[in-house]
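Readers should treat all values here as calculations from the given coordinates under stated rules, not as data from a laboratory. Everything numeric in this text was worked out from a predicted model, so none of it was measured. Note that each Cβ is placed from the backbone with ideal geometry, even for glycine, and that neighbours are counted across all protein chains shown.
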There are 2 protein chains.
Amino acid sequence: MSSPAHRVPDMSWFAWGDPEHAAPLPDSVRDLVAQALGVELRPRPPVAEDAVRLPEPALPEPARAALAAAVGPRNVRDDAATRLRHSGGKSTPDLLRRRAGDASDAPDAVVYPADHDQVLGVLEACSAHRVAVVPFGGGTSVVGGVEPERGGFGAVVALDLRRLDRLVAYDPESMTATLQVGLRTPEAEELLAGHGCTLGHLPQSYEFATIGGYAATRSTGQASGGYGRFDDMVVALTAATPSGTVRTGRAPASAAGPDLRQLLLGSEGVFGVITEVTVRVRPLPEARHDEAWSFPDVAAGTAALRGLARSALRPTTARLSDETETFVNAALSGARAEPGCRMVVGFDGTAADVAARRAAAADVLAGAGGTRADTEAVREWRSSRFHAPYLRDALLGAGVLSETLETATSWANLAALDAAVRAALSGALDGADAGGSAIVMCHVSHIYPAGASLYYTVVAPAGADPLARWAAAKRAAGDAIAANGGTISHHHAVGADHRPWMAAEVGPLGVAVLRAVKRTLDPAGVLNPGKLIPDD
Amino acid sequence: MSSPAHRVPDMSWFAWGDPEHAAPLPDSVRDLVAQALGVELRPRPPVAEDAVRLPEPALPEPARAALAAAVGPRNVRDDAATRLRHSGGKSTPDLLRRRAGDASDAPDAVVYPADHDQVLGVLEACSAHRVAVVPFGGGTSVVGGVEPERGGFGAVVALDLRRLDRLVAYDPESMTATLQVGLRTPEAEELLAGHGCTLGHLPQSYEFATIGGYAATRSTGQASGGYGRFDDMVVALTAATPSGTVRTGRAPASAAGPDLRQLLLGSEGVFGVITEVTVRVRPLPEARHDEAWSFPDVAAGTAALRGLARSALRPTTARLSDETETFVNAALSGARAEPGCRMVVGFDGTAADVAARRAAAADVLAGAGGTRADTEAVREWRSSRFHAPYLRDALLGAGVLSETLETATSWANLAALDAAVRAALSGALDGADAGGSAIVMCHVSHIYPAGASLYYTVVAPAGADPLARWAAAKRAAGDAIAANGGTISHHHAVGADHRPWMAAEVGPLGVAVLRAVKRTLDPAGVLNPGKLIPDD
């Protein structure tokens, strides 16, 4: 068992990431956005921290005593700074509310268990005292997944898993590692690098998201073509529930009934708290290479991705930007804008693997009408790919609304779904009352043999009520996804924000099954109210 | 929508497969077995079909009328021949009972719905009239999965899905096909070949097993290295349950909560009846090549398989026989026996793919101490690989017990698990009372990055009570698997036979979850009693 030497810093209370990495909007971006949206940008700074409105903590004394008995008195905290930093995730609505000084949804306390048994103790105490409990990893949810909802209970606590921070086991023969769930990715990677290994899991939230969060939300990283989705990497897991401990995964594959791993993966803290996962690891890549390709349009680039997805030698990373995203990315990196659609492909592995994959990909891409493009922009993408959330903060600080959403579908349905989502977003966001038009851009990524994901970025004038403005756009996009055969989330999960579409996603009987599992594992219903499963 | 032109014949009532393919024990095998076991082989023919004992059909008239209303009167049958052929699966105990004239477990009737809605109608009728209902695909279960247990109800019907026999849709862009579940594999392949495609799913039961059976039991084929397990191929599925229809799988991958596909895959007819699956298909391979390699021992061959499992260019098929299986296979094919362990690797794909994979595999295998071996035995293996069950029938007819069982675990645990299972089987089967010693042989196959499966074949003197003899061996092996970190089944499923180990497999809370799902989807509890989920 080992813990990381370097710990990831806490995130800002009103913005993404490390406050030291925040930066104002570059002038070039400011000019580009102002021109594209047709609005003048004005500073909209957040309120000061001491002006944020938090409710009085409402945890009854017997509940507090039970929690203190479970985790130790020092590990139950209700100071304002701690509560504020557990008041939700990092969606644009979360940040807009926080920037405006609204932390009315703060938890009544935050508890910090040290291990699996203490998590069991917390769940027992919350069930007995009827206190809602919200599992909290990195706090990076962009779908309201860690919103401290009370769900009819008198109080709610956040269950912060940061003390579960150990590499429990490393099995070099099976190439698996058992990790506690509170590890942030750089911490987990530091521990694995000590054994010459990596997870290869690189979502945009990489620097702050936790191993447990990945499992609970079915996270997918930018290198999914090579390393797989996080749910694919999980060989076994342990979860603490109010009804006791669940352990699943006795073999890499099994025919011993339904796969209960797949019931806990994606369960978003409503069934229990995943405390430990055994995941597949790979050797640290000895070589890495990125390329950029250009395609005349999205259709040609999509056909090329489809070819890559079916190759045994597919790239580690592959993403195709539409014309608008291609233009914006070029502008952001200071490169000369070129017509058409840019594709980035990346390759990790041994030198021989990378060479073989590059050659195979080049055959597919050239065969589909692609041409090699300037790779400067690719280096820029790789060096800045975790920085987009900081850029969003700078835009919010300049009165510009910016948010993302995503879906996935079959290759055959991709173009129709894309058209429907674009129409929904533009229809909701464009309009005289907003004082300007929206930028809607998209990339196709996370390729599978049968389909791919679509990832949208929206930049729009904030208008007088940006929360209402985004809510309308999100509703329109979600309805379009549900009506046009997409999944309501490919890798952001459900949380509170996608819950209205879960009945469409899994049907009324699917919802009934989820409720039945919930009642079995969490009879008091205290776990993460208001998430994932629609209300009766 | 299209149905196959050629239908697969019905299987024998007391043996595997097509009665026309049955053959007596070859003299060479007879001599080999007699010598190895140290017993004299004597004919033990089955009873005549008209001497088989079936109970009187006990379906109450109101239930029969409701079923006739659901599927039409001609599609409810209770003649002895039909009931006998739905009296269970094809495990050795099943065959021993049938050969001895015991069909006391025959269903009271067999119903043949035409489509999804008729399946719903049958489930509704059975729930209303409290009649147990056993979904029946190809009837190839070797774990008691289609045993017509009454489960406390007064009657039981088999629900034969053979009329659900259509290719519903083919999507060339997404490379998926939607198949009804009653299609036997050669029928499905005939329909897919019309579009230049294949499933590539080749379990030993290939000729008679159905698409629905594969989904309901998480089947794995001999080409799993190239085409994946059947549960990996399923993009979407539709199931009829007593509570209504479940449809899952809106995208190739999703973060919209738990993966309910994985709850229905492997559900073995206890939650509902899968009626349609959308599966990944591949182009028919233009090239195919098999190779044989030899390794000094199982440890060296296993290390080689581990290397193959982690290669991007892994073989379509890979299996390593232990020394005994290597010797027996050589003897069966008339080849000269060589020392050590034989590995078969096969490659399907485009000519370029096959060449690249062969080269990559050769590097791994030679690097792990393998040497190329005679390929004559490989051709023999490919041409006869679906014939082992016929050989089992010939052995049973000569008074020799023969059966298989399997498990899977991590690479690190493979040798320890193997030793424990061998010791358990030999301990239970060897002994003075049996009049001879058992042959226990094994192959390692179905390789994954984190582990592999172990597949045992046992040949032993039948003794006076072969059913009791096998029951003791099976119990010892199952206990050894559960105690040594294996899964109770890698690809045979749970059925009735593995149910005693399900609590060890998924834990008491896992069992509670399965029961909760069952209560939601099958409130009357009529679906496939006595399978998968342990009794309260």
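All C-alpha pair distances within segment A:383-536, sorted into 5 Å bins from zero, spread as 2, 9, 16, 18, 17, 15, 12, 7, 4, 1, 0 percent across the bins. Fully extending the segment from A:A299 to A:D430, taken as 0.36 nm per residue of separation minus the present Cα-Cα distance, adds 44.6 nm.
On the principal axes of its alpha carbon atoms, segment A:7-51 extends 41, 27, 13 Å, with the longest extent given first.
Using a 10 Å cut-off on Cβ to Cβ distances, tally the other chain neighbours for every residue of B:401-410 and report the average as a whole number. Walk me through the intermediate numbers first.
Working: counts 0, 0, 0, 0, 0, 1, 4, 7, 5, 11.
Per residue, the average neighbour count from other chains is 3.
Can you figure out the FRET efficiency of B:E40 with B:A366, using R₀ = 41 Å and their beta-carbon distance, to the nearest 0.05? Let's see the in-between values first.
On the way: r = 45 Å, r/R0 = 1.10.
Plugging the Cβ-Cβ distance into 1/(1 + (r/R0)^6) gives 0.35.
Over all distinct Cα-Cα pairs of segment B:19-160, the Kirkwood formula returns a hydrodynamic radius of 16.7 Å. Taking the DSSP beta bridges with both ends in chain B, the antiparallel portion is around 85 percent. The distance separating the Cα centre of segment B:331-368 from that of segment B:1-71 comes to 36 Å.
Each Lys or Arg adds one and each Asp or Glu subtracts one; over the other residues with Cβ under 13 Å from the Cβ of A:A51, this totals 0. All other residues whose Cβ lies under 14 angstrom from that of B:V364 are scored, Lys and Arg at +1 and Asp and Glu at -1, for a net of +3. Percent of Cα pairs in the protein assembly as shown per distance bin of 20 Å, from zero to the largest separation: 12, 42, 34, 10, 1.
With each label modelled as a point 7 angstrom along the Cα→C-beta vector, the B:A419-B:A504 pair spans 1.8 nm. Each Lys or Arg adds one and each Asp or Glu subtracts one; over the other residues with Cβ under 11 Å from the Cβ of A:S141, this totals -2. Using the Cβ-Cβ distance between A:A65 and A:R519 with R0 = 45 Å, the FRET efficiency computed as 1/(1 + (r/R0)^6) comes to roughly 0.95.
Report, in listed order, any pair from B:K90/B:K474; A:K531/B:K518; A:K518/B:K531 with a Cα-Cα distance greater than 22 Å.
Working: B:K90/B:K474 16 Å; A:K531/B:K518 24 Å; A:K518/B:K531 24 Å.
Check vs 22 Å cut-off fails for A:K531/B:K518; A:K518/B:K531.
Restricting segment A:318-410 to trypsin sites (Lys or Arg not before Pro) that sit in a DSSP loop and have at most 12 other Cβ atoms within 10 Å of their own Cβ leaves A:R336. So between B:R385 and B:D10, what do we pick up on full extension, going 0.36 nm a residue minus the alpha carbon distance? That works out to 133.0 nm of additional length. Pairwise Cα distances in chain A exceed 31 Å for 46 percent of all pairs.
Using the Cβ-Cβ distance between A:A114 and B:D31 with R0 = 60 Å, the FRET efficiency computed as 1/(1 + (r/R0)^6) comes to roughly 0.35.
Taking only DSSP H segments of four or more residues, each worth -39500 (n - 2.57), what value at 222 nm results for the protein assembly as shown once the sum is divided by all its residues, to the nearest 500 deg cm²/dmol? The partial results should precede the final answer.
Working: 36 runs with 376 residues, N = 1072.
It comes out at -10500 deg cm²/dmol, rounded to the nearest 500.
Magnitude of the Cβ-charge dipole of segment A:186-256, K/R +1 and D/E -1, about the Cα centre, nearest 20 debye? Write out the running numbers ahead of the final one.
Working: 4 positive and 6 negative charges, 76 e Å.
Charge dipole, segment A:186-256, about its Cα centre: 360 debye, nearest 20.
Using a cutoff of 8 angstrom between alpha carbon atoms and counting only pairs six or more residues apart, the relative contact order for segment A:200-317 works out to 30 percent. Annotation: the residues A:C197, B:C126, sorted from fewest to most other C-beta atoms within 10 Å of their own C-beta, follow the order A:C197, B:C126.
Counting partner chain Cβ atoms within 10 Å of every residue's Cβ in B:242-250, what's the average? Walk me through the intermediate numbers first.
Details: counts 0, 4, 4, 3, 7, 4, 6, 3, 14.
Partner Cβ neighbours, averaged per residue: 5.
Most exposed first by the Cβ proxy, i.e. fewest other Cβ within 10 Å, how do A:C442, A:C341 rank? Kindly include the intermediate steps, with their values, before the conclusion.
On the way: A:C442 23, A:C341 27.
Result, fewest neighbours first: A:C442, A:C341.
Computed about the Cα centre, the dipole magnitude for the protein assembly as shown is approximately 220 debye when only Lys and Arg (+1) and Asp and Glu (-1) carry charge, each at its Cβ.
Dipole size in debye (nearest 20) for segment B:237-325 around its Cα centre, Lys and Arg Cβ +1, Asp and Glu Cβ -1? Spell out each step's value before the answer.
On the way: 10 positive and 10 negative charges, 126 e Å.
Roughly 600 debye, rounded to the nearest 20.
With the convex hull of the Cα atoms taken as the outline of segment A:279-434, the averaged projected area works out to 11.4 nm².
How high is the relative contact order of chain B, in percent, with contacts defined as C-alpha pairs under 8 Å that are six or more residues apart? Don't skip to the end; give the middle numbers.
Details: 1170 pairs, mean separation 90.4, N = 536.
Reported as a whole number, the value is 17 percent.
By counting other Cβ atoms within 10 Å of each Cβ, how are A:D27, A:D18 ranked from fewest to most?
Arranged by neighbour count, lowest to highest, A:D27, A:D18 become A:D27, A:D18.
Distance between the 7 Å Cα→Cβ label points at A:A100 and A:D465: 0.9 nm. Using alpha-carbon pairs under 8 Å, 6+ residues apart, how would you state the relative contact order of segment A:388-483 in percent? Over segment A:388-483, the number comes to 36 percent. With a simple spin-label model that places each label point 7 Å from the Cα along the Cα-to-Cβ direction, the separation between B:S2 and B:E323 comes to 5.3 nm.
Counts of other chain beta carbons within 10 angstrom of each beta carbon in peptide B:502-515 average 6.
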